[in-house]
Amino acid sequence: MTALKNAATTKLKTTRVVIVDDHEVVRIGLRAVLNLTPGIKVVGQTPFMKEATSLCLRLRPDVALLDIRLPDGSGIEAARAILSDSPGTKVLFLTSFADSHTVTEAILSGAHGYVLKDISSKGLVRAIRTIAAGHTLIDPRLVDHSQPWLMTHRSSTKRIKRPLLSPQEQRLLPLVADGLTNREIAIALRLSEKTVKNYLAKLCTKLKIGRRSQLAAFYAASFKGSGGPFASSSPQDSALSADRINGIDKPENKA
């Protein structure tokens, strides 16, 4: 009986993936690797931006694996469309582009993760599972130069840290950066989950930030420095989870 229950649970947890990459050999290789991985199934693939959007709308995959450069447009445009039309799909960028502008635009598109193509197959599988589980991640090698928008906050860090953020918000911020869920934060601060959501919504509004991953990045850059929650001991084949999406995503509809 237990074995049957475990088998059913495993089946329910299968992560469905759509691959969007302009190189056929890359798509074939990724599909082969992922379909050999227990708990992951590739349900669609395409080199095109427009087809990626329609595929995700039709198939509702758990994860869309996107490259940046596509024949008919940008993976960043595709990400925005996918997240708008298929909000249950998580977007993970897998690309060779590591320049700060591209990474920043990708993150601000609402994507849940960004890793480089030299990641190992094991690291990619881990990244997909992390994204599918509701976490956000970024290749730790990109942290120091991936978010120039944070640089504009650095000069006003002291003003943001004290006059704008309340003591309770300052206590809450590192807990978000450490990846705690709203429930875990509520327990740690002895608050209700509703109160935590309200604090997070206000915090996002004050900092003009829409995602928990950006809150974590802001804390890393402004409060802890570049060695904050994105630090990792094995950057070659791993990307560090930066948050757990379990409550707020955008203040206006999930806080």
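Spin-label pair residue 184-residue 32: with each label point 7 Å from Cα along the Cα-Cβ axis, the two points sit 3.8 nm from one another. Between residue 23 and residue 41, the simple label model (points 7 Å from Cα in the Cβ direction) yields a spacing of 2.9 nm.
When every Cα-Cα distance of segment 2-133 is counted in 10 angstrom steps from zero, the calculated P(r) takes the values 13, 47, 31, 7, 2, 0 percent. Extending 7 Å from the Cα toward the beta-carbon at both residue 72 and residue 169 defines two label points whose distance is 4.4 nm.
Residues 116, 137 in ascending order of nearby Cβ atoms (within 10 Å, fewest first): 116, 137. Listed cross-link partners 90/122; 13/194; 50/208; 41/90; 13/90; 50/122 are compared with a 21 Å cut-off, the Cα-Cα value being larger for 13/194; 50/208; 50/122.
A short reminder: the numbers here are calculations on the coordinates, not readings from a lab. None of these values were measured; they are calculated from a predicted model. We place every Cβ from the backbone using ideal geometry, glycine too, and count neighbours over all the protein chains shown.
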